[in-house]
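Data first, discussion second: the structure below is written as structure tokens.
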Amino acid sequence: MALKVAIVGLPNVGKSTLFNALTQTAAAQAANYPFCTIEPNTGDVAVPEPRLDALAKIAGSKEIIPARITFVDIAGLVRGASKGEGLGNQFLANIRDCDAVAFVARCFEDDDITHVEGRIDPLSDLEIIEMELMLADLESLEKRLPAIEKKAKTGGDKDAANTLRLINLALAQLREGRPARSAKVDPDDEKAWHMLQLLTSLPALYVCNVEEGSADKGNKYSDLVAERAAKDNAKAVVISAQIESEIALLDADERAEFLETLGLEEPGLNRLIREAYNLLGLQTYFTVGPKEARAWTIHVGDTGPQAAGVIHTDFEKGYIRAETIAFDDFVKLGGESGAKEAGKMRAEGKDYVVKDGDVMHFRFNV
Ligand SMILES: Nc1nc2c(ncn2[C@@H]2O[C@H](COP(=O)(O)OP(=O)(O)O)[C@@H](O)[C@H]2O)c(=O)[nH]1
Ligand SMILES: [Mg+2]
């Protein structure tokens, strides 16, 4: 599951600074799994996961393979973009194939850096961007509506009737000036809802780009954004793109020292990724052996077979059981054999709901 996050925002809010810093920091954090550029604006980075390093050390794993997350720096989003201003519709297509959207809001003051709207006002910046995305959704749904209505009416087509109902659910929100994510969607409808490919139904993360001195606690602007996020079913993270780009240039020791002087426990990248994981209802399990220690991304609530399916569909189909050790037990008892002797290795069947941090070994038939 390659998680893809679109970085959006008005020009000059710090998107590219953040993007460059994130990808460089991630590269520095996982030297054996370097950041690679797919396209100039797409960065594939390793998810920072200290637990994985601990497991690999105990098991003497030759290779460490972290989970991946992709960031896409979406340029050209301005007022009127849905009507083709700026790079117009091109960026909309780029957002459409992402799993989540990180809205970067300018929460720093600097007279040398022009603001396209001529003032610092992160809430209305977010509104401008969200408005463009809502207009794009409105337009795409209204374009599809007549054909779907016809199909649903004449054919007795059950899928079309269902799609029509969901389109109307989304339109009801959008016409009231609210993003599609405000709609109450039945869990049974999640899949079909997702297939509508709406920009404003993607989970949203508000990234407050603050000046250096506010990186730990935020400022008056980021407080407003956090308030707004709570109302919008979104999450907010405070970050200083400037600091992140300085962190990116440091080695591990210097970085720890630098973070401490700023009152930060970890780079913003880690927080950003963690929030993206929470937002998307994701968690991690591990496979550990002498060859490699690897982190896998699954949904909260996934069962043993579903977790196995992330590695290979055969693992899911032929699933028998998973020999499972909790992360804490694995570390406390010095690895697999210690955990086994202490009775902490469980054989988990098909109904087992995987817990974050489980170390798993799958038994399956093919
Ligand atoms: N003072 C200050 N300047 C910043 C900060 N983040 C970005 N900038 C500057 O703002 C300008 C625009 O940044 P950029 O990342 O290119 O913005 P983008 O258009 O959103 O991609 C650049 O000159 C950056 O150096 C910040 O946190 N503080
Ligand atoms: Mg840029």
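The values are calculated or read from the model by the stated rules, or taken from the named source; none is laboratory data. Computed from a predicted structure; not experimentally measured. Cβ atoms come from the backbone with ideal geometry, glycine included; neighbour counts cover every protein chain shown. Keep in mind that these areas ignore ligands, DNA and RNA; they rest on the heavy atoms of the full protein, side chains included. Shrake-Rupley method; radii C 1.70, N 1.55, O 1.52, S 1.80 Å.
Among the residues of region 219-239, is there at least one that is within 19 Å of the chain's Cα centre (by Cα), closer than 20 Å to Leu262 by Cβ and of a type in the set (Ser, Thr, Tyr)?
no
Answer with yes or no whether Ile148 is part of a helix (DSSP H, G or I), in contact with a Gly (Cβ under 7 Å, 6 or more places away or on another chain) and buried (at least 17 other Cβ atoms within 10 Å of the Cβ).
no
Name the single residue, out of those in region 70-83 being away from ligand 1 (no atom under 16 Å from the Cβ) and at pLDDT below 85, that is most open to solvent (accessible area, probe 1.4 Å).
Lys83
Considering each residue of region 316-352, count those that are within 27 Å of Ala2 (Cα to Cα) and open to solvent by 50 Å² or more (accessible area, probe 1.4 Å), and give that number.
The number of residues fulfilling the criteria is 7.
Any idea how many residues of region 199-254 are outside any helix (DSSP H, G or I) and aliphatic (A, V, I, L, M)?
Looking only at that region, the number is 14.
Just the residues that are within 16 Å of ligand 2 (Cβ to nearest atom) and within 19 Å of Gly281 (Cα to Cα), please, taken from region 195-249.
The one that is within 16 Å of ligand 2 (Cβ to nearest atom) and within 19 Å of Gly281 (Cα to Cα): Val207.
Residue-wise test of (1) of a type in the set (S, T, N, Q); (2) closer than 30 Å to Phe108 by Cβ; (3) at pLDDT below 90.
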position	(1), (2), (3)
Leu133	no, yes, no
Pro146	no, no, no
Arg165	no, no, no
Gly177	no, yes, no
Lys184	no, no, no
Met195	no, no, no
Thr200	yes, yes, no
Lys217	no, yes, no
Ala229	no, yes, no
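Suppose the filter is part of a loop (DSSP other than H, G, I, E, B), modelled with pLDDT under 95 and not hydroxyl-bearing (Ser, Thr, Tyr); does Glu257 pass it?
So Glu257 fails the test.
Going through region 301-334 one residue at a time, which ones are among the aliphatic types (A, V, I, L, M) and touching a strand residue (DSSP E or B) at 6+ places or on another chain (Cβ under 9 Å)?
Listed by number, the residues that qualify are Ala307, Ala308, Val310, Ile311, Ile320, Ala322, Ile325, Ala326, Leu333.
What is the number of the single condition among (1) more than 27 Å from Arg181 (Cβ to Cβ); (2) of a type in the set (Lys, Arg); (3) surrounded by fewer than 16 Cβ atoms within 10 Å (Cβ to Cβ) that Lys231 does not meet?
It fails just one condition, (1).
For region 118-131, name all the residues that are open to solvent by less than 40 Å² (accessible area, probe 1.4 Å) and at pLDDT below 90.
The answer is none; no residue qualifies.
So the check is Cβ under 7 Å with 6+ separation or different chains; which pairs have a first residue in region 108-134 that's of a type in the set (Val, Ile, Thr) and a second one that's more than 16 Å from ligand 2 (Cβ to nearest atom)?
Once the first residue is of a type in the set (Val, Ile, Thr) and sits in region 108-134, its partners that are more than 16 Å from ligand 2 (Cβ to nearest atom) give Ile120/Glu109; Ile120/Tyr221; Ile128/Arg79.
Given the conditions (1) assigned to a helix (DSSP H, G or I); (2) farther than 20 Å from Glu275 by Cα; (3) more than 16 Å from ligand 2 (Cβ to nearest atom); (4) modelled with pLDDT of 80 or more, and given that Leu52 satisfies all but one, which numbered condition is not satisfied?
So Leu52 meets the others, but not (2).
Restricting attention to region 1-49, which residues are away from ligand 2 (no atom under 15 Å from the Cβ), modelled with pLDDT of 85 or more and either aromatic (Phe, Trp, Tyr) or in a strand (DSSP E or B) (or both)?
Answer for region 1-49, where residues must be away from ligand 2 (no atom under 15 Å from the Cβ), modelled with pLDDT of 85 or more and either aromatic (Phe, Trp, Tyr) or in a strand (DSSP E or B) (or both): Lys4, Val5.
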